[in-house]
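A short worksheet on the structure shown next.
Derivation of every value follows stated rules applied to the coordinates shown; laboratory data play no part. In this text the structure is predicted, and so the values were computed from the model without any measurement. With ideal geometry, Cβ positions are generated from the backbone for all residues, glycine too; neighbour counts draw on all protein chains shown.
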Amino acid sequence: MSRKKKILIVEDEGIVAIDIQNIIRNLGYDCIELAFTGEEALNKTQDWGPDVILMDIGLKGDIDGIEAARRIKNRSNTPIIFLTGFADGNTLARANKINPVGYIIKPINNKDLDDTISKVLN
């Protein structure tokens, strides 16, 4: 089964990004792009127009995942699912202001990922 929805994975750790990409492919999705920085996420969202974005909260660089998500939300209605390994109260408060459609805790559980993406795309 091929699910033609476009999914953008924004994750600064290459091995983790590829693992997530492989999980999503195994779930039947085939239109998957990777971005490794907040800046790259902004550009790929504008150029590629994903149906959903999986955004790591703790991106390295000038723009973290929350700021990248805020800027994306100012330009489009693309649903954002935050990925996080851990988050303190202040970080979660910042993230909640973006109104993400969900959170997925790392390490990623295949069923949780599938359920969350399916809920957003269907």
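Normalised by the number of residues in the chain, the mean separation of alpha-carbon contacts (under 8 Å, six or more apart) gives a relative contact order of 24 percent. If every alpha-carbon in the range 61-122 counts as one equal scatterer, what log10 I(q)/I(0) does Debye give at q = 0.12, 0.13, 0.19 1/Å? Reported log10 I(q)/I(0), two decimals: -0.31, -0.36, -0.76. In terms of its alpha-carbon gyration tensor, the range 3-121 comes out rounded; the largest-to-smallest axis ratio a/c stays below the 1.5 threshold. Based on DSSP H segments of at least four residues, each scored -39500 (n - 2.57), the chain has a per-residue ellipticity at 222 nm of -13500 deg cm²/dmol.
Principal-axis analysis of the Cα atoms of the chain puts helix 65-75 at an angle of about 80° to the longest axis.
Subtract the Cα-Cα distance of Asp114 and Cys31 from 0.36 nm times their separation in residues, and report this length gain in nm to one decimal. Working it through step by step, the gained length comes to 28.4 nm. If you plug the beta carbon distance of Ile23 and Phe86 into 1/(1 + (r/R0)^6) with R0 = 35 Å, you get a FRET efficiency near 0.95. Segment Arg75..Trp48, full-extension length gain: 8.4 nm, with 0.36 nm per residue of separation and the alpha-carbon distance subtracted. Shown here: the range 5-72, whose C-alpha atoms stretch 33, 24, 14 Å along the first, second and third principal axes, sorted largest to smallest.
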